[in-house]
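The next block holds one structure in the form of structure tokens; read it before the comments.
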Amino acid sequence: MRASGVILAGGKCSRFRSNKALAEIASQRLIDRIVSEFKAVFSKIILVTNTPDEYRSLDVDLISDIIPGRGPLSGIHAGLVSSPFDLNFVVACDMPFIKRELIAYLVRRAEPGDDVIVPVVEGYPEPLTAVYRKSCLGPIENCLAAGKYQVKSFYPLVNVKYIPEEDLLAYGGKRNFFNINTRDDYRLAMEMEQRS
């Protein structure tokens with residue numbers, strides 16, 4: 001696809017107490033699971049991290065925040081700046097069940113005029129599993145400059161296409177969006193993997 005895959009791995013992981021991206025499920029690190037799915041879809045994979053030495057073994061482009069200390073919105077910004085493509089699928093590093101079929105589907109849903117393509121799960125948008133055009137750069141920079149760091153803070157400034165949950169069911173549905181914030185989440189993820 002003429003799009004990049006962008007992985008955000010710059011969080012402090014304070015609730016998890018170690019680097020979540022390096023935690024293993026079924027003997028595979030979370031970051032390796034995501035990279036494997038991305039490689040089936042994208043020719044360009046960008047990993048945004050403030051600790052690049054931890055990821056040197058990966059065959060991906062390693063970059064850091066251009067505007068550091070502003071959370072995931074800064075990571076999206078850095079990924080868009082670095083990407084050679086207009087379309088960019090962004091995912092957080094703590095989502096072990098994201099699948100290539102869903103990724104490709106969301107990228108294909110981008111039409112001219114759509115700046116953001118974001119799935120909605122259980123009534124809530126999933127901004128860290130979404131497609132962003134480079135046209136988002138200006139609005140993101142405006143929000144960062146104004147001290148607005150929530151990812152969705154720039155959504156009112158762009159054209160957002162929301163993908164309803166029923167459209168996602170054929171691609172694994174809400175399981176794709178399970179993310180690991182705590183040790184309890186990690187244990188649940190391992191149980192989910194065993195049951196699958």
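By how many nm would the segment from Lys39 to Gln194 lengthen if fully extended, with 0.36 nm per residue of separation less the alpha-carbon distance?
53.4 nm
Quick one: length gained pulling Met1 to Tyr162 fully straight, 0.36 nm per residue minus the C-alpha distance?
Result: 55.9 nm gained on full extension.
I need to check one value: relative contact order of the stretch 3-195, counting alpha carbon pairs closer than 8 Å and at least 6 residues apart, in percent.
Relative contact order for the stretch 3-195 comes out at 24 percent.
For every other residue with a beta carbon closer than 14 angstrom to the beta carbon of Ser135, add +1 if it is Lys or Arg and -1 if Asp or Glu, then tell me the sum. Don't jump to the answer; show the numbers that get you there.
On the way: positive: Arg133, Lys134, Lys161; negative: Asp86, Glu111, Asp114, Asp115, Glu141.
Net charge around Ser135: -2.
Starting from the Cα of Arg175, step 7 Å toward the Cβ, then list every residue of the stretch 65-102 with an amide N under 15 Å from that point.
96-102
Please figure out what share of the DSSP beta bridges in the stretch 1-151 is antiparallel and state it in percent, rounded to the nearest 5.
Percentage antiparallel, nearest 5: 45.
Using θ = phi - 60° and the Karplus form 6.51 cos²θ - 1.76 cosθ + 1.60, what ³J(HN,Hα) does each residue of the stretch 72-86 get, whole Hz, x for Gly and Pro?
x, 4, 5, x, 4, 4, 4, x, 5, 4, 7, 5, x, 10, 6
Could you work out the local net charge near Asp86, counting Lys and Arg as +1, Asp and Glu as -1, over the other residues with Cβ closer than 13 Å to its Cβ?
+1
Picking from Ser82, Ser64, Ser36, which is most flexible by a Gaussian network model of the chain using Cα springs under 10 Å?
Ser36
Report, by chain and number, residues whose modeled amide H sits under 5 Å from the one on Ser43, excluding near sequence neighbours (fewer than 5 apart, same chain).
Placed amide hydrogens put Ala3 under 5 Å from Ser43.
Take the alpha carbon atoms of the stretch 122-196, find their center, do the same for the stretch 83-116, and report the distance between the two centers in whole angstrom.
Centre-to-centre distance over Cα atoms comes out at 10 Å.
Report the residue, chosen from Asp59, Asp184, Asp115, that carries the largest GNM mean-square fluctuation when the chain is represented by alpha-carbon nodes joined by springs under 10 Å.
Per the Cα network of the chain with a 10 Å cutoff, Asp184 tops the list.
Which of the aspartates and glutamates could a cross-linker span from Lys134 if the Cα-Cα distance has to be under 20 Å and same-chain partners fewer than 8 positions apart are dropped?
Reachable aspartates and glutamates: Asp61, Asp65, Asp86, Glu111, Asp114, Asp115, Glu126.
5 Å is the cut-off here: which amide hydrogens, built 1.01 Å from N in the peptide plane, fall below it relative to Ala130, excluding neighbours closer than 5 in sequence?
Val90
What Kirkwood Rh does the chain have if only Cα atoms enter the pairwise 1/r average? Answer in Å. Spell out each step's value before the answer.
Details: mean 1/r = 0.0597 Å⁻¹.
For the chain, the Kirkwood estimate is 16.7 Å.
In a GNM of the chain with a 10 Å cut-off on Cα contacts, which of Leu102, Leu58, Leu168 has the highest mean-square fluctuation?
Leu58
What FRET efficiency comes out for Glu101 versus Ala145 if R0 is 45 angstrom and r is the Cβ-Cβ distance? Round to the nearest 0.05.
So the FRET efficiency works out to roughly 0.75.
What are the trypsin sites (Lys or Arg not before Pro) within the stretch 130-172 that DSSP puts in a loop, where the Cβ has at most 16 other Cβ atoms within 10 Å?
In loop regions of the stretch 130-172 (DSSP not H, G, I, E or B), the sparsely surrounded trypsin sites (Lys or Arg not before Pro) are Lys148.
Every number in this text was worked out from the coordinates using simple rules, so none of it is lab data. What you are looking at is a predicted structure, and each value in this text was computed from that prediction instead of being measured. All Cβ positions, even for glycine, are placed from backbone atoms using ideal geometry, and neighbour counts span all protein chains on display.
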